[in-house]
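First up is the structure itself, then whatever we jot down about it.
Where a number appears in this text, it was derived from the coordinates with a stated rule and is not lab data. In this text the structure is predicted, and so the values were computed from the model without any measurement. Here the Cβ positions follow ideal geometry from the backbone for every residue, glycine too, while neighbour counts run over all protein chains shown.
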Amino acid sequence: MKEQKKVFYQQSVDEVMNQMQADPKGLSDQQVAQRREQFGFNRLQAKRRTTIFEKFLAQFKDLMIIILIVAAIIAGIAGEHVDAAIILAVVILNAVFGVFQESKAENAIDSLKEMSAPMATVLRNGRQTTVKSDEIVPGDMVLLEAGDVVPADIRLTEANTLKIEEAALTGESVPVNKTTATINDSDLPLGDRKNLGFMNSNVTSGRGVGVVIGTGMNTEVGKIAHMLNTTEEATTPLQENLNKLGKVLTILILVIAVVVFAVGMWRGQETLINMLLTAISLAVAAIPEGLPAIVTVTLAIGTQQMARHRALIRKLQAVETLGSTDIICSDKTGTLTQNKMTVEKVFQNGELLDSAKTQLSLDDRLAQIMVLNNDTKYLQEGLGGDPTETALVSFYLNQQLPVQQFVNDHQRLAEIPFDSERKLMTTYNQMSDGIMMTMKGAPDQLLQRVTQVLDNGKVRPITDADRKTIQTTNHDLATQALRVLGFAYRMVDEVPADLTSEAQEHDMILTGLIGMIDPERPEVAQAVSEAKAAGIKSVMITGDHQDTAQAIANRLGIIGRGDSNDKVINGAQLDDMTDEQFEKSVGDIAVYARVAPEHKVRIVNAWQKRGKVVAMTGDGVNDAPALKAADIGVGMGITGTEVSKEASDMVLADDNFATIVTAVKAGRKVFANIQKSLQYLLSANLGEVLTLFVMTMMGWEILAPVQILWINLVTDTFPAIALGVEPAEPGIMKRQPRGRSSNFLSGGIMSNILYQGFFEGAITLAVYAFAILNPVHASETLIHADALTMAYATLGLIQLFHAFNSKTIHQSIFRVGLFKNKFFNWALLGSALLLILTIAVPGFNQMFHVTNLAASQWLVVVIGGFMIVVISEVVKYMQRHFLHQQ
C-alpha cells in the first residue's frame, strides 16, 4: 500500500479501492483489528519521551552540581559524614525540583492534546459510526461534512460541493474545491492534488466520502513530523547565561581552591587532609548550589502565572526568554483578528450604512438572498461551513431572527454551484409568491448580469449612475480591507431544465452589497501599544491581500502614518530580495502580505542575525520549522495542528496576541527576580569566600564545611526563592528589551555583587576579630570557639538582612515596601530560626562545631548583620543621585 500512495491521485476510484482492499460499505471489525495490528494507531510519533529516571539523572549534568557531588565524596572519605550528607541532600532536592516541574509541564501538554483530539465519522460493518481519529486504519471509508477535520490522508470517492482548507500544509488560505476525477499529471504539489484529502486539514463546506490511503507517520503531515523529530533546538538566552556564569564561577572556584591549598601546604601548618577539606569549604562557599533550584522554582511560578492568563509554557526556559523578546511576529487571522468574518457595511437603496444601523427583517429581499443562497450548516454546537457564508447568517441570527426556520420553510429546489472563474453562486428557492432565483458573488461579475435594481421596495431599471455608484462603493469598501459581495434575484415560474450560467444568469435585480471583514480583537490594539512602549516591534505576517493586511495593521497600530519603519511588502517582493538585502531592510518592514509559511523561517533568521530575540506564532504544519527556529515559538491551542504545538515553546489557549504581550510582561518580571536572587546569592557567597580566604591566609581557624553549607541551605535558598516571587516593579513594561547581549550580571548587578560581597566578608571578619580581642571566657580554646561561632552567626544573619536590600536593585527598600511579600517574610523568619537553632538548642553544638553565645555576643552579631543594610542604602543613594540610575 505504501508503494502506491505516491500515485493515488493518478488512479481511478476503483483502482484505489482495490489497492486498499476497501469496501464502499466499510471495513468489518475483524479487518480493522488486523490492519491496526499491521499499521498501528493513526498517530504522529513525537520524539521519545524521557523516563522519570532519565529526567532525574539529567539534573546532575550541571557542572556546579558535579563539583558539589565530588566535594561530598571527598568529605565522606575524610570522615566528615554530616557534611557529606547535607551536601548530597541539597543536590538531590534540586534534582527532585527539576523533575517535578518538567513532568508537570509535559502533563499539561498531554491534557491539551486529549482535549483537542478530533473525532471522525466512518462506515464500518455497513453502518455509519463515530470513532476517535487515532482509531482509523488504511482502507476505512471516512465521511466528511462542513466543520470536520480530515482524520487521515484519503482518496475522495464522493465530493458534493466539497471545499477543504489546507493552509496548514500548503500555506494557501483559500479552501480548495475538491473533485473525485482522476488526475493524470505527475509530481503535482499538494495543493493541486484535488482528489485527495490530507490529515489535519479542515472541511469548510459541502460533503464528501473518501477511502483512507495513509495514517500516522505515513501521511503528508507525518513526513513533516519526522523531519522535525531530527531537528536540533537552539539554546535559549537563559541557558546561555547560566552556562557562561557556570564556567566563570568554576574557574574562580578552582583558582581560589588551588591557591589556598598550595599556600596551606607550603606553610606546613596543616595536614594534607585538612587542607583538602579547607579547599572543599571554599568550593562549597563559592558555588551557589541553590541557584538551579531557585531558577527552576522562579520559572515554574512564572509558568503558573502565565497559565492563569491562558498561556501554556511547554519549556520552563521559555518564560525568561519571553522577557527578552525584541520582536513579535504574529499571524493575522485568529491571533490579531477574531477569525470570524463579520458584516460591517450594508449598501442598500442607494445608501451605505454601518451594519449596526441597518434595520433587519427576513421580509427584506436582501436578507432572504443572504440566508437562502447559503450552504451554512446549523449544528448543535453552532454554525458550520465557509466563514463568509456563516457571517451572512450570523448577521441575522444575532438579532434573534428565526433564520433556520425561514431556510427550512423555503426549500432549495436547485442550484448553479459557485465557480471560481465566474465567482457567482445561484440557487432556486420555493417562496410563497413563486420560485425565487437568488444570486451572490463578486460585484463586478454580478453587475454584468443585472438589468434592474430594487429601490425602497420597488423594482426599476438600473441606470449608469446606479452602476457608477455601485462600482465606487465596491472600490471604497475594498480599500478599507472589506470583502464585498453583491446580491441579486429574479422570480421565475419553474426551475429550468438547463441549469447553466450562460442560459440562466441574466436579467437579475440588484438588491445590495455587503462589506465584511475579519475584525481585529478588541484588546489587541492596546496590547500592540503596550508592546511598542516596551520597545517591542510587532510584525504582522499573513497570506491575505496587501490592502487587507495594511488596513488591519493600521487599525491595530502596527503601522502608523509617516513612519519609515512601517513598510508593507508581499511575498513576491520578499522573494526578489537576496538574504543580504533582506537582512538590511528587515527592520523597516512591519507587515508581510501574501506570504507563505516557508517565508517565516527567513524572517526569523534575518532578525536573529541582527541580534534580536524573536517570538513567532504559527498554527500550521508548515509553520513548525519557523516555530523551532524562533527564540520563542508560539503555537495556537484552538486552531493549531498537533505538529505546530509540538514545535512550540508556548501554546496560547485563546490564540490571542494580547496573551503574548501579557506573557512578555511576566517574562520580564521573572528575569528581574532571577537577577535579584542572583545578586543576593553571589554577593552572599562572595562574602563567604572572602571570609574563608582571609582566614586561611592569616593562619586563623576557619569555618567548617558543614557550617558554610548550612548557611547556604537555609539563608541562601529560601530567601532567594522568595525573591523569585516578588511582584513586578512599576514601569517594567516601559523599559527597552534587554536583547541577546545582556546577561544576568548587567545593569549594575556585577558592581553590586562585588561591593556587597566585600562588605559582608569584611563585617564578618571584623566580628571575628572583635570576639578575639574582647573575649567572654578566659580559656584560649573557648575564645576561638566563640569567635568562630560569632563569625558563623554573623555570616548567616548578614545574608538575611541583605535579602531586604535585594528586593530592589537601585531603589531604597523603604520605598518599595519591606513586608508586602508575605512568602518572603516567612522565608526570612524560618531561615533565622533554623540558623539560631544550630547555636541555641543543645545537641546541635557538636554537629555544627559551635558554642552557646552570651546576650552581649548576640548583640554584636545583630549589629554587625544590620550594617549591610546601612551600607547598601548609602550606596544606592549615591547611585541614584550621582550615577543617575533609577
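Evaluate the relative contact order of the stretch 729-886 (contact order divided by residue number), counting alpha-carbon pairs under 8 angstrom at least 6 apart; express in whole percent.
Details: 122 pairs, mean separation 46.4, N = 158.
The normalised contact order for the stretch 729-886 reaches 29 percent.
How would SER872, SER12, SER355 line up from fewest to most surrounding beta-carbon atoms within 10 angstrom?
Numbers: SER872 22, SER12 13, SER355 16.
Fewest-to-most Cβ neighbours within 10 Å comes out as SER12, SER355, SER872.
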Mean Cα-pair separation over length for the chain, i.e. relative contact order, pairs under 8 Å, 6 or more apart, %: 12
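Kindly identify the stretch 342-517 as rounded, prolate or oblate by the Cα gyration tensor criterion: order the square roots of the eigenvalues as a ≥ b ≥ c, call it rounded if a/c is under 1.5, otherwise compare a/b with b/c, prolate if a/b is larger, else oblate.
Values: a/c = 1.39, a/b = 1.03, b/c = 1.35.
Rounded, since a/c falls under 1.5.
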Taking MET437, MET867, MET695 and counting other C-beta atoms within 10 Å, the order from fewest to most: MET867, MET695, MET437
Overall Cα dimensions of the chain, principal axis frame, Å, largest first: 124, 66, 51
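Among all helices in the chain defined by DSSP H, which have a length of 24 Å or more along the axis from Cα atoms plus a Kyte-Doolittle mean of at least 1.0? If you can, show how the numbers build up before the last one.
Working: long enough: 81-116 (53 Å, 0.75); 237-267 (45 Å, 1.27); 291-308 (26 Å, 0.93); 657-698 (61 Å, 0.85); 749-773 (36 Å, 1.43); 780-805 (37 Å, 0.78); 822-840 (26 Å, 1.72); 855-882 (41 Å, 1.11).
Flagged H segments are 237-267, 749-773, 822-840, 855-882.
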Value of relative contact order over the stretch 342-517, rounded to a whole percent, pairs C-alpha under 8 Å and six or more apart: 26
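If you rank VAL70, VAL850, VAL13 by fewest surrounding Cβ atoms within 10 Å, what's the result?
On the way: VAL70 13, VAL850 22, VAL13 18.
Lowest to highest Cβ neighbour count: VAL70, VAL13, VAL850.
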Largest-first principal axis extents of the Cα set of the stretch 675-770 (Å): 51, 24, 24
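Students often get this wrong, so check it: of LYS132/LYS645; LYS163/LYS357; LYS567/LYS645; LYS340/LYS584; LYS567/LYS612; LYS584/LYS665, which have C-alpha atoms separated by over 25 Å?
On the way: LYS132/LYS645 20 Å; LYS163/LYS357 34 Å; LYS567/LYS645 30 Å; LYS340/LYS584 36 Å; LYS567/LYS612 19 Å; LYS584/LYS665 29 Å.
Check vs 25 Å cut-off fails for LYS163/LYS357; LYS567/LYS645; LYS340/LYS584; LYS584/LYS665.
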Of all DSSP beta bridges in the chain, antiparallel share, percent nearest 5: 75
Global geometry of the stretch 510-577, whether rounded, prolate or oblate, following the gyration tensor of its Cα atoms and the 1.5 cut on a/c: oblate
